[in-house]
């Protein structure tokens, strides 16, 4: 690789950094003021690109092109304002988990809306009139448009910075970033401030999406890719810090550019190393390192204390007679199911999926509910379990039974390593870091063809002959599911489980009575990882294959929805939630084209109307949850 | 022999010397009050003794062993109980479970995953709650208690590891006068019965002069006086800090 080649790649990185900064600065501004981590920010970026495509179809010439860019930004800003007024305004006081989920639900709705309006084809945008050529730099051609982008990024930074430093509105935004309750107490119209900030953030994302159009086509996968990048940038730079977002955007874009520029090298001991394959891993690794060394990002500050906490949970009580009877009856019915529906029935297939889902959901609930750690990357441990089983069976030739046991170890080992980093953080930063680790696992699996089979995954992962019949595997899955649920339940009522809840309730008090908070949380994380790994192993053998798609961020979110659907406060919640979710998904996905949007709307309804989940709502209705009052 | 020795403790935040060269000691069975105006450095001092904050310089000795570099949980294991200015308990556990949690930790059983925590030394926990007058409310969630009751639960938690030293940061803040006297009388009783040393901060002068054996007075991070109640009451430095010297008024007149 020549020096000029590297330099041109670095310039390319600068251009990418500009759109990345536009995207991330909006996210950062919104978080700073509203304390909402806007998962839908990638969707706004995507909308910007699509709207710009439609506008540039109708508006020609240089003037038309740039007007289209501006109008796209305004349109997305207006959409942002609408989102803020209709949805977010209702959930500012909700626990942050709900806010993350509500905005994630938006991404589902927006994605299907985009597919409905613009179709599933990638839409290639026009080149910018007057900037469609290229200039020669060090003997290599470099697009003029990218040069323009390199200028636009810092220009927007300067404009927003002036807006924040020189106007009354900017002073209010900065004040709210430091202490929004105080700003409210001083009589500032918070609704107006929040709406305008959200609109500005959305407009910046829309502008970023629009400006990216001449470089890459608008596609429906843009949202998740964009939000992943934006999270990394904002977390690395420090939540709420504009200059931080700029520096981090430069850092991330340049590291990616460097990976591409380095290309493929042959190693002295044989084999090759292909740096372009590390682009995904590299950015999340940077984030993980920054979070561990500087937990608040390069230029961020520690999160201000949140004064509007959710009310404390009611104490856990052992199952009463009714619950026990329901539990045993369900178990009896499930044991008899293959005899009732017949051995070849689809109900068995769906039930196996549900058992696996329940195991996945209860393991997530274990860290999320009693542990208070909101993991957004739980799919990682599912994936590690699944791949551990699959690879040990296929490549190492382990017998299936042993491979399944090893899935527990796979999940636990992953949680052991990642958990060590994660328990050093809390709140939103914990969620981000778990998400990052989830993405690292996903991208390693996706890009490491030689071992994991890349996007094709591992196939031919079938159970041992004596377990191969559907109804036998059904009983295996049921047994594992029941064992996992009972184990976690037992632990929750043990001294360790109490200590786990203690660390969630008060770190200060835990520390003052000799509880090593991080160690307790770490061990809980490992226990959950082990159970989750088993779910992954069961999954691999039930499908006969495992691919990166099945362990993507979507699965992590499914897990969160299952837990919240059932209710995070109760132990039966995740079980009911997982069953309801998978049943719904199965019946909706088969009959409705836009089932993702349906799922999104379901989540929104859930968050707005039933913040306690199904089991919580039933309990309240029955008056069982009213011990407190 | 002294139970606690604080030796030339210093802590600065930026340019502010929050605690500046503070030294004092505390004997077993003694109730020592730390007083001073707001911002005098009382809580900072507490947090350094408790291990939450690292001192810039100076030492904290417990039974002649240096504890100034230990984390709070290690200091607790050596027999130091603590209550906070804003009470900290486990809101989602019941009152008795809160105390049991401390007992479990004291017995070194935190990592047991199979036995049932609710059965662990419940009687002992109830006895501790009875001492602070909270036995009737043992099975209520701690999150729904009145604030004064939470403070009493906190005291029961702090007593669970049979401490030799209790650190109480404003134990009676937010309580009604009658409750205050009850709590302090209880503390006084425990000190005598068990030979515990207590260091507490307090704004209410009734409580301080009514219950403390000895006082140390901080102002602007410095220790300006220490001694028994009468000595402090008549100390000109203390009077100047609390009531002013009258000089500003004279200057204004001139």
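Table for the structure above
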{"item": "Residue check, residue A:534 part of a helix (DSSP H, G or I), in contact with a helix residue (DSSP H, G or I) (Cβ under 9 Å, 6 or more places away or on another chain), surrounded by 24 or more Cβ atoms within 10 Å (Cβ to Cβ) and not assigned by TED's automatic domain parsing to the domain that holds residue A:101", "result": "yes"}
{"item": "Residues that are facing another protein chain (nearest Cβ under 9 Å) and either in contact with a helix residue (DSSP H, G or I) (Cβ under 6 Å, 6 or more places away or on another chain) or under 11 Å from residue B:156 (Cα atoms) (or both), drawn from the stretch B:94-110", "result": "B:98, B:100, B:101, B:102, B:104, B:109, B:110"}
{"item": "Subset of the stretch A:407-426 (residues that are surrounded by fewer than 23 Cβ atoms within 10 Å (Cβ to Cβ) and modelled with pLDDT of 95 or more)", "result": "A:409, A:413, A:416"}
{"item": "Residue B:45 in contact with a strand residue (DSSP E or B) (Cβ under 7 Å, 6 or more places away or on another chain) and part of a strand (DSSP E or B)", "result": "no"}
{"item": "Failed item in (1) closer than 23 Å to residue A:619 by Cβ; (2) in the same structural domain as residue A:529 (by TED's automatic domain parsing), with residue A:387 passing the rest", "result": "(1)"}
{"item": "Unmet requirement for residue A:570, which otherwise passes all of (1) more than 30 Å from residue B:51 (Cα to Cα); (2) surrounded by fewer than 24 Cβ atoms within 10 Å (Cβ to Cβ); (3) more than 23 Å from the chain's Cα centre (by Cα)", "result": "(2)"}
{"item": "Residue within the stretch B:10-24 that is crowded, with 17+ Cβ neighbours inside 10 Å, on the phi > 0 side of the Ramachandran plot and either away from every other protein chain (no Cβ under 11 Å) or modelled with pLDDT of 90 or more (or both) present", "result": "no"}
{"item": "Residue among B:82, B:73 that alone is surrounded by fewer than 20 Cβ atoms within 10 Å (Cβ to Cβ), more than 16 Å from residue B:222 (Cα to Cα) and within 11 Å of another protein chain (Cβ to nearest Cβ)", "result": "B:73"}
{"item": "Some residue of the stretch A:437-452 being modelled with pLDDT under 95, buried (at least 17 other Cβ atoms within 10 Å of the Cβ), at positive phi and more than 9 Å from chain B (Cβ to nearest Cβ)", "result": "no"}
{"item": "Options A:471, A:439: the member that is in a helix (DSSP H, G or I) and under 21 Å from residue A:542 (Cβ atoms)", "result": "A:471"}
{"item": "Single residue of B:81, B:39, B:58 found to be outside any loop (DSSP other than H, G, I, E, B) and over 21 Å from residue B:164 (Cα atoms)", "result": "B:58"}
{"item": "Restricting the stretch B:157-186 to residues that are within 12 Å of chain A (Cβ to nearest Cβ) and part of a helix (DSSP H, G or I), the residue that is surrounded by the most Cβ atoms within 10 Å (Cβ to Cβ)", "result": "B:157"}
{"item": "Single residue of A:22, A:11 found to be touching a strand residue (DSSP E or B) at 6+ places or on another chain (Cβ under 7 Å) and within 25 Å of residue A:257 (Cα to Cα)", "result": "A:11"}
{"item": "Given (1) assigned to a loop (DSSP other than H, G, I, E, B); (2) over 30 Å from residue A:91 (Cα atoms), number of the condition residue A:251 does not satisfy", "result": "(1)"}
{"item": "Any hit, the stretch B:69-92, residues being over 24 Å from residue B:129 (Cβ atoms) and modelled with pLDDT under 90", "result": "yes"}
{"item": "Filtered residue count, the stretch B:111-146, keeping only those that are part of a helix (DSSP H, G or I) and within 11 Å of chain A (Cβ to nearest Cβ)", "result": "6"}
{"item": "The stretch B:49-68 - residue that is away from every other protein chain (no Cβ under 14 Å) and under 16 Å from the mean Cα position of the chain (by Cα) and, of those, nearest to residue B:4 (Cα to Cα)", "result": "B:62"}
{"item": "Flag for residue B:154 being more than 9 Å from chain A (Cβ to nearest Cβ) and either surrounded by fewer than 19 Cβ atoms within 10 Å (Cβ to Cβ) or in contact with a strand residue (DSSP E or B) (Cβ under 6 Å, 6 or more places away or on another chain) (or both)", "result": "no"}
{"item": "Number of the exception - residue A:393 against (1) more than 20 Å from the chain's Cα centre (by Cα); (2) under 22 Å from residue A:569 (Cβ atoms)", "result": "(2)"}
{"item": "Some residue of the stretch A:511-523 being part of a helix (DSSP H, G or I) and more than 14 Å from chain B (Cβ to nearest Cβ)", "result": "no"}
{"item": "Lone unmet requirement of (1) part of a loop (DSSP other than H, G, I, E, B); (2) on the phi < 0 side of the Ramachandran plot; (3) more than 7 Å from chain A (Cβ to nearest Cβ) for residue B:90", "result": "(3)"}
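Residues checked against (1) surrounded by 21 or more Cβ atoms within 10 Å (Cβ to Cβ); (2) in a helix (DSSP H, G or I); (3) touching a strand residue (DSSP E or B) at 6+ places or on another chain (Cβ under 7 Å):
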{"site": "A:68", "(1), (2), (3)": "yes, yes, no"}
{"site": "A:71", "(1), (2), (3)": "no, yes, no"}
{"site": "A:84", "(1), (2), (3)": "yes, yes, no"}
{"site": "A:93", "(1), (2), (3)": "no, no, no"}
{"site": "A:98", "(1), (2), (3)": "no, yes, no"}
{"site": "A:110", "(1), (2), (3)": "yes, yes, no"}
{"site": "A:129", "(1), (2), (3)": "no, no, no"}
{"site": "A:132", "(1), (2), (3)": "no, no, no"}
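The values are calculated or read from the model by the stated rules, or taken from the named source; none is laboratory data. Please read all numbers here as calculations on a predicted model, not as lab measurements. Every residue, glycine as well, gets a Cβ built from its backbone with ideal geometry; the counts of neighbours run over all protein chains shown.
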